[in-house]
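Asker: Sending over a structure as structure tokens; questions will come in a sec.
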Amino acid sequence: MGSISVLLVGKVLPYLEQELDKRYNLFRGIDPSQRAAVLRDHASSIRAVVASSSGGPDAALIEALPKLEIVSSFSVGVDRIDLQKCKEKGVRVTNTPDVLTDEVADLTIGLILAVLRRICECDRYVRSGNWKKGDYKLTTKFSGKTLGILGLGRIGAAVAKRAEGFDCSICYYSRNEKPDSKYKYYPSVVELASNCDVLVVACPLTPETHHIINREVINALGPKGVLINIGRGKHVDEPELVSALLEGRLGGAGLDVFEKEPHVPEELFGLENVVLLPHVGSATVETRTAMADLVLDNLEAHFLGKPLLTPLV
Amino acid sequence: MAEEEKVEGLQQLKHENQDLPQVLVLGSPTCLQTLKQLYSHKFRFLIPNTSLDSLYPLTAPLSSISAVICSASFSLTAPVLRLLPSLRLVVTTSAGTDHIDLNECGCRGIQVAGAGKLFSEEVADMAVGLLIDVMRRVSAADRFVRTSCEAATWDFPLGYKISGKRIGIVGLGSIGMEVAKRLECFGCTILYHSKHKKSAVSYPFYNSVIDLAATSNALVLCCALNEETRHIVNREVMLALGKEGFIVNVGRGSLIDEKQLVKFLMDGEIGGAALDVFEDEPNVPKELLSMDNVVLTPHCAAFTSECIIKLCELVAGNIEASLSDKPLITQFRPSRVFYSSARLVLVPSCSPSSFW
């Protein structure tokens with residue numbers, strides 16, 4: 001398979017890049033000028049693209065690769081990939097569901113606790129020597145609170161399962177109500193936000209869910225409400241979120257994703273009721289390795305004419 | 001929340017009613033402000049503003065004090081207790097009682113009331129939060145984001161998975177059980193060490209903390225501090241836990257040999273530690289202050305605004321019970337107490353088995 005040309009367009013685990021290099025004729029096209037050079041010379045030979053949450057093939061790129069057969073994404077979210085174009089062109093698409101569900105759910109609970117119990121702030125308090133001057137102030141209990149989940153898919157359900165251990169009440173909003181679910185359903189995001197203490201964004205990013213967290217939802221969540229985003233930055237109207245936090249219209253936020261990563265609104269840096277993470281939802285040694293293996297296994301299956309393991313298209 | 005409104009709505013009562021029962025408050029407990037707001041119409045709180053040796057200026061002589069409220073940061077030793085000859089009740093605002101000379105109390109018939117299980121959920125929540133933070137590098141990542149605004153890309157070290165891991169709980173009392181319940185929902189395997197095996201519990205029991213550490217990915221310390229548990233996490237235990245092992249301590253600082261822990265963290269012999277308690281609070285070993293694989297919090301695992309109101313209710317309830325000769329709500333009953341007829345003889349403290 002060493003002669004099969006593969007184009008890498010998103011940042012991935014070094015282990016994955018090394019393996020792709022070993023097994024295929026790998027071209028790196030993460031950087032726009034790098035990509036332009038590759039396309040100029042090799043566009044007609046590329047049969048596979050490896051994408052990630054930081055970069056994926058849009059319609060233009062797909063059109064520019066006449067021999068493209070498969071896009072394998074090192075992520076579960078595929079908002080960077082033009083799925084419609086792939087369908088039209090008969091290009092297969094795979095992602096990495098399930099292997100990162102637990103990881104992201106673990107981090108979600110960690111984010112909630114970090115915000116409500118001010119763990120990062122407390123750590124700063126100790127490191128700065130302030131504990132010698134006096135105790136840290138009271139924080140807010142998590143156990144027993146009401147958790148609202150936007151998107152009760154694999155990750156949303158895993159978050160709910162963990163929150164049950166804290167005696168939380170769970171409610172959710174989803175495109176369609178899930179008849180088998182024991183959790184309370186709300187038919188709109190605003191209603192969900194009005195009725196929960198902590199709102200977790202756990203749905204895929206699509207044109208319908210772009211800025212699904214807007215001013216109205218934020219105001220409904222309220223001055224004691226906490227927003228946790230482990231989905232995509234574009235789920236949230238970020239300027240609205242920032243002004244709500246600065247004005248005290250929202251109680252707090254735990255954010256693992258942002259609209260223009262790695263850019264984070266600097267106004268948030270001075271706030272003690274936010275926790276800001278560099279998109280580490282799936283960032284464990286164990287899971288990134290499993291994701292990489294899934295990308296490699298999907299590519300191998302495709303080129304051997306076997307069924308794909310985790311196809312989306 | 002309704003409870004917050006209740007506190008804010010009450011006014012500070014101005015009175016000098018000498019008939020109210022006097023309660024001496026030692027150690028500046030976190031709940032003091034709320035206690036005064038809620039119960040100044042029932043008790044006269046006396047707060048010393050000088051050191052113990054000269055408990056002035058108090059408007060009432062110490063000889064008539066029958067009730068003391070004490071925080072965990074105050075050492076209620078025999079010499080202090082002897083300054084209070086009429087003392088009948090000590091109410092501590094903590095679940096732990098290692099700061100109280102229980103033998104002296106026992107000899108004198110002084111009842112001791114603690115916080116019981118009041119904080120168990122709060123502390124368990126914090127323990128899980130600290131575990132996730134240290135294994136997934138949450139606080140380190142937050143620091144990284146706030147200081148890397150000029151970076152073109154985010155290059156941050158990977159953390160370790162928590163789901164499905166083996167968690168060794170040291171002390172399966174009320175707090176330990178709440179931690180176990182939460183981590184079970186993460187698919188973790190729960191193992192434990194306790195003074196005695198608990199027949200009603202199905203988690204695998206380990207008689208030795210070293211054996212527990214050897215088979216666990218992380219240890220969570222939830223037991224009381226007493227003579228038997230002091231430095232229960234020592235050099236051998238930490239070596240058994242290993243280079244990818246993590247420790248969370250929400251018990252007492254002295255459960256861990258702190259000097260050894262610092263050395264092992266510096267040498268990479270242990271994966272990381274999340275500590276809410278330290279051997280000499282509020283002092284924290286300076287070597288820890290620059291480490292990214294530790295999380296440090298200022299002994300605040302119990303303190304939420306929700307529990308403070310409940311704590312005040314419990315404290316007041318215990319005092320009222322004592323004053324009316326009724327059973328205390330959360331009387332602390334040690335399993336073994338050494339009594340001596342010669343009251344000035346120092347006796348070793350007992351170990352409360354019910355707590356671990």
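Asker: Answer yes or no: is there a residue in the stretch A:146-163 that is modelled with pLDDT of 95 or more and over 23 Å from the mean Cα position of the chain (by Cα).
Answerer: Scanning the stretch A:146-163, I find no residue that is modelled with pLDDT of 95 or more and over 23 Å from the mean Cα position of the chain (by Cα), so the answer is no.
Asker: Could you please find all residues in the stretch B:1-49 being of a type in the set (V, I, T), farther than 22 Å from B:L87 by Cα and modelled with pLDDT under 90?
Answerer: Correct list: B:V7, B:T30.
Asker: Which condition number does A:L250 fail, the rest of (1) in a loop (DSSP other than H, G, I, E, B); (2) within 30 Å of A:S3 (Cα to Cα) being met?
Answerer: Exception for A:L250: condition (2).
Asker: Picking from A:E238, A:E267, which residue would you name as being away from chain B (no Cβ under 14 Å) and of a type in the set (D, E)?
Answerer: A:E238
Asker: Considering only residues that are assigned to a helix (DSSP H, G or I), more than 10 Å from chain A (Cβ to nearest Cβ) and either free of Cβ contacts under 8 Å to residues at least 40 places away in the same chain or not polar (S, T, N, Q) (or both), which ones fall in the stretch B:138-178?
Answerer: Matches in the stretch B:138-178: B:I175, B:G176, B:M177.
Asker: More than 14 Å from chain A (Cβ to nearest Cβ) and within 16 Å of B:L221 (Cα to Cα), is that true of B:L183?
Answerer: When the stated conditions are applied, B:L183 does not pass them.
Asker: Still on this structure: Return yes or no: is A:V217 part of a loop (DSSP other than H, G, I, E, B) and farther than 24 Å from B:D133 by Cα? Give the steps one after another, and end with the answer.
Answerer: On the way: part of a loop (DSSP other than H, G, I, E, B): no; farther than 24 Å from B:D133 by Cα: yes.
So A:V217 does not fit the description; no.
Asker: Which one is farthest from A:N229 (Cα to Cα), of the residues in the stretch A:144-197 that are within 14 Å of chain B (Cβ to nearest Cβ) and charged (D, E, K, R)? Write out each step before concluding.
Answerer: Taking the stretch A:144-197 and keeping what is within 14 Å of chain B (Cβ to nearest Cβ), we get A:144-147, A:154-155, A:157-168, A:170, A:197.
Adding the requirement that they be charged (D, E, K, R) leaves A:145, A:154, A:161-162, A:164, A:167, A:197.
Working: A:K145: 18, A:R154: 15, A:K161: 18, A:R162: 17, A:E164: 19, A:D167: 21, A:D197: 14 Å.
Among those residues, the one meeting the criterion is A:D167.
Asker: Could you give every pair whose Cβ atoms fall below 6 Å, whose first residue belongs to the stretch A:87-103 and is under 19 Å from A:I155 (Cβ atoms) and touching a residue at least 24 places away in the same chain (Cβ under 8 Å), and whose second residue is surrounded by fewer than 16 Cβ atoms within 10 Å (Cβ to Cβ) and not polar (S, T, N, Q), counting only separations of at least 6 or pairs across chains?
Answerer: As it stands, the answer is A:T94/A:P311, since those pairs meet every condition given.
Asker: A further question on this structure: Of the residues B:S354, B:S290, which single one is modelled with pLDDT of 95 or more, surrounded by fewer than 20 Cβ atoms within 10 Å (Cβ to Cβ) and small (G, A, S)?
Answerer: Exactly one of B:S354, B:S290 is modelled with pLDDT of 95 or more, surrounded by fewer than 20 Cβ atoms within 10 Å (Cβ to Cβ) and small (G, A, S), namely B:S290.
Asker: Which residues, taken from the stretch B:179-192, are surrounded by fewer than 22 Cβ atoms within 10 Å (Cβ to Cβ) and assigned to a helix (DSSP H, G or I)?
Answerer: B:K181, B:E184 - these are the residues of the stretch B:179-192 that are surrounded by fewer than 22 Cβ atoms within 10 Å (Cβ to Cβ) and assigned to a helix (DSSP H, G or I).
Asker: Something else about it: Residues that are within 12 Å of chain B (Cβ to nearest Cβ), in contact (Cβ under 8 Å) with a residue 24 or more places away in the chain and surrounded by 17 or more Cβ atoms within 10 Å (Cβ to Cβ): does the stretch A:129-139 have at least one?
Answerer: no
Asker: With the checklist (1) in a helix (DSSP H, G or I); (2) closer than 26 Å to A:G233 by Cα; (3) modelled with pLDDT of 95 or more in hand, flag the one item A:S33 doesn't pass.
Answerer: (3)
Asker: Which one of these does B:L328 not meet: (1) assigned to a helix (DSSP H, G or I); (2) at pLDDT 95 or above?
Answerer: Among (1) assigned to a helix (DSSP H, G or I); (2) at pLDDT 95 or above, B:L328 violates only (1).
Asker: Let me ask something else about it. Kindly list the number of the only condition in (1) at pLDDT below 95; (2) more than 29 Å from A:R124 (Cα to Cα) that fails for B:F205.
Answerer: Condition not satisfied by B:F205: (1).
Asker: Let me ask you something else. Which residues, taken from the stretch A:83-115, are assigned to a loop (DSSP other than H, G, I, E, B) and not acidic (D, E)?
Answerer: A:G90, A:V91, A:N95, A:T96, A:P97, A:V99, A:L100
Asker: State whether the residues of the stretch B:96-113 include one that is of a type in the set (D, E, K, R), over 24 Å from B:V248 (Cα atoms) and in contact with a strand residue (DSSP E or B) (Cβ under 7 Å, 6 or more places away or on another chain).
Answerer: Yes, the conditions are met somewhere in the stretch B:96-113.
The values are calculated or read from the model by the stated rules, or taken from the named source; none is laboratory data. Computed from a predicted model, the values in this text were never measured in an experiment. Using ideal geometry, Cβ is built from the backbone for each residue, glycine included, and neighbour counts are taken over all protein chains shown.
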